[in-house]
Amino acid sequence: MPPPLETKLPKVGTTIFTVMSALAAEHKAVNLGQGFPDFPPPAPLVEGLSRAMAEGKNQYAPMTGIPALRQAIAAKTKRCYGRDVNSDTEITVTSGGTEAIFDAVHAVVRPGEEVIVLDPCYDCYEPAIDLAGAKAVHVPLDPRDFSVDWQRVKEAITPRTRMLMINTPHNPCGSVFSAEDMKRLAEILRPTRVLVLSDEVYEHIVFDGHRHESVLRTPELAERSFVVSSFGKTYHCTGWKIAYTIAPPALTAEFRKVHQYVTFTTFNPAQWAFAEMLDKHPEHYDGIGAFYQAKRDAFAAKLRTTKFRPLPVAGAYFQLVDYSAVSDLDDLAFSRWLTIEKGVTAIPLAPFYETPPAGQRLVRLCFAKVDATLDAGIERLRKV
Ligand code: GLN
């Protein structure tokens, strides 16, 4: 018998994405749950990856990421957000956005401190905070449109608050921050010692002519922020797990102390492929918003022929749907029922909340899928 063990993460089970994907596979459901594209990455990227391996880029990359990729990220950051970032002291390549979030929290948050998260929030935030011995303070987004109530954020800040975590475009809700949001955020944080972790992994998937409001556009915010971005969403390769974090030198130095002992370094061949892709094909990330907007529009139009009501989506590749015309089950039970009985898998919102709003009947569907997949899902949803 092993010695008795008390879990460090009593609230945590297997992630809802893994649970729902396994259930989808078991019941041969159309999987619109876990967020991943079912189409391939751009051909030049795949070719670049194969070439990097054939050319022998197969040993450890530098701990911080290869210089060519960090320089390409710096150039893209300047081009997109007008900010000069130093590729040696302010950019670190990580093995996915989830690693980056864990590293950032552990680099700066101490036991007994508080970290503010805005509910619903992505499921990896709170476990990172808990393992750091800190306390997640949950401030709800407005349940009508998932906008931020900045007054409530301000009121949640205490002398123990070390970090505020934000996410735009937002997973699971598809809302985005406006320039006014960034202004309010800057005003609220100005008199405080609060750092920002800005999860911007869907930065290029923004719709209807809006621009992505990165914290990097606001110098006084950039000076206190870790900005996490990921190539998986932009380049249809979520399984490669390559991301990066931009932060001022002092924050980056602490971030790297953690990164070097979590993964040490990130998959080398893909870094060469992304460096080349960023430099040679900026049209890919420039065009990805329009690409997903067309998918959003076609999917929402077809959803309107079912009993599911699509909510507005301003960014990312998730469609929230209201199922109150179909069922009064809570979202966890409904998602299981929909998979097992109707053959379509969705993600419930409850796991993204400390306290889900009573009576909320929403689930998330991923539209990063080829038309045949989305149509197969719609055909089944029509029968519900
Ligand atoms: N980011 C993906 C989503 O929101 C899931 C990633 C994961 O499975 N951990 O669906």
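The values are calculated or read from the model by the stated rules, or taken from the named source; none is laboratory data. Keep in mind it's a predicted model, so treat the numbers as computed, not measured. In this analysis, Cβ positions are derived from the backbone assuming ideal geometry, glycine residues included, and neighbour counts consider all displayed protein chains. Ligands, DNA and RNA are excluded from the accessible area calculation, which covers all protein heavy atoms including side chains. Shrake-Rupley method; radii C 1.70, N 1.55, O 1.52, S 1.80 Å.
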Show which aspartates and glutamates lie in cross-link reach of Lys11 when reach means a straight Cα distance below 15 angstrom and same-chain residues fewer than eight apart are skipped.
Asp123, Glu126, Asp130, Glu354
What does the helix-only formula give at 222 nm for the chain: each DSSP H stretch with n ≥ 4 adding -39500 (n - 2.57), the total divided by the residues, and the result rounded to the nearest 500 deg cm²/dmol?
-12500 deg cm²/dmol
Give the residue from Leu45, Ile340, Ile288 lying farthest towards the positive end of the charge dipole for the chain; charges sit on Cβ (+1 for Lys and Arg, -1 for Asp and Glu) and the dipole is referred to the Cα centre.
Ile340
Counting only protein heavy atoms and rolling a 1.4 Å probe, one gets per residue an accessible area for region 184-264 in Å² of 36 Å²
Most positive-pole-ward Cα, Val196, Ile129, Leu329, against dipole of the chain from beta carbon charges:
Leu329
Can you pull the three principal axis extents for the Cα set of region 305-347, in Å, largest first?
30, 19, 19
Neighbour net charge for Lys11 - beta-carbon separation under 10 angstrom, K R +1, D E -1:
-3
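About its Cα centre, how strong a charge dipole does region 1-82 have in debye, to the nearest 20, once Lys and Arg get +1 and Asp and Glu get -1 at the Cβ?
On the way: 9 positive and 5 negative charges, 91 e Å.
The calculation lands at about 440 debye.
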Proximal lysines relative to Lys241, as straight alpha-carbon distance under 21 Å, when same-chain residues fewer than 8 apart are discounted
Lys57, Lys76, Lys233, Lys257, Lys369
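Dipole magnitude of the chain about its Cα centre, charges +1 at Lys/Arg Cβ and -1 at Asp/Glu Cβ only, in debye to the nearest 20?
Numbers: 43 positive and 45 negative charges, 52 e Å.
Dipole about the Cα centre, nearest 20: 240 debye.
Considering only protein heavy atoms, what per residue accessible area in square angstrom results for region 45-128 with a 1.4 angstrom probe?
I get 38 Å² per residue for this part.
Mean projection of the alpha-carbon convex hull of region 1-160 over all orientations, in nm²? List each step's numbers first, then the result.
Values: hull surface 65.1 nm².
With the hull built on Cα positions only, its mean projection is 16.3 nm².
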Taking every Cα atom in the chain, find the radius of gyration and the maximum pairwise distance Dmax, and write them in Å.
20.6, 61
Sort 142-154, 299-311 by the packing proxy (mean of other Cβ within 10 Å over each peptide's residues), most packed first.
299-311, 142-154
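In square angstrom, what is the accessible area per residue of region 278-384 with a 1.4 angstrom probe?
Details: 4590 Å² over 107 residues.
Value for region 278-384: 43 Å² per residue.
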What is the magnitude of the charge dipole of region 278-384 about its Cα centre, with +1 placed on the Cβ of each Lys and Arg, -1 on the Cβ of each Asp and Glu, and no other charges, expressed in debye to the nearest 20?
400 debye
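What percentage of the solvent-accessible surface of region 241-308, computed with a 1.4 Å probe over protein heavy atoms, is contributed by carbon and sulfur atoms? Mind dumping the intermediate values first?
Working: 1800 of 2940 Å².
Taking all protein chains in place, region 241-308 shows 61 percent carbon and sulfur surface.
Could you look at region 110-194 and say what percent of its accessible area is carbon and sulfur, using a 1.4 Å probe and all protein chains? Provide the component values of the computation, followed by the final result.
Numbers: 1750 of 3470 Å².
Ligands and nucleic acids excluded, carbon and sulfur reach 50 percent.
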Can you work out the base-10 log of I(q)/I(0) for region 5-92 at q = 0.11, 0.20 1/Å, using the Debye formula on its C-alpha atoms alone?
-0.67, -0.97
